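Some notes on the structure that comes next.
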Amino acid sequence: MKLAHINLVARDADALAAFYMNVLKCEPLREPRMLSGEKVSRGNGIENSEIYSIWLKFPALDRPFLEIHEHKVMHDRGQPRVNEPGLGHLSFQMGDIRAVHSGRWKPDWRHHGLWDEG
């Protein structure tokens with residue numbers, strides 16, 4: 001068994017995709033598209049479901065890919081708490097975090113003990 005893809009539901013799919021493309025150098029795997037119709041609604045249990053879907057390929061990997069969804073009708077749960085059930089985080093291993101970020105994004109790793117200011 002292999003992990004095929006990771007699905008993230010975003011409030012703004014284009015903005016989240018831009019983050020992954022600019023910072024982690026992901027590339028589009030296919031053109032963004034709208035998913036809708038009976039098959040989509042049957043698959044997720046939401047009547048008249050419409051989903052804007054973006055697929056991104058991670059650098060040097062064919063799988064898993066990143067699938068970003070933005071539902072036309074969203075249930076806003078606010079800011080999730082760290083101790084709520086659900087996805088906690090994704091972790092990416094890279095050789096040099098300073099070489100990865102583009103200068104437009106300055107991560108604050110001090111809270112995690114990973115950013116060396118010296």
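Read-outs throughout are calculated quantities, based only on the coordinates presented, and are distinct from any laboratory measurement. Just so you know, these numbers come straight off a predicted model, no measurement behind them. Cβ: placed from backbone, ideal geometry, glycine included. Neighbour counts: every protein chain shown.
Once label points are set 7 Å from the Cα along Cα→Cβ at both S36 and N22, what is their separation, rounded to one decimal in nm?
So the label points at S36 and N22 sit 3.0 nm apart.
Once the Cβ-Cβ distance between R11 and L61 is put in as r, and R0 is 22 Å, what FRET efficiency do you end up with, to the nearest 0.05?
Details: r = 26 Å, r/R0 = 1.19.
For R11 and L61, the calculated efficiency is 0.25.
What ranking, highest mean first, results for peptides 74-85, 49-60 when packing means the other Cβ atoms within 10 Å averaged over each residue?
Taking the mean over residues of other Cβ atoms within 10 Å, the ranking is 49-60, 74-85.
Once you place label points 7 Å from the Cα toward the Cβ at E50 and K72, how far apart are they in nm?
0.3
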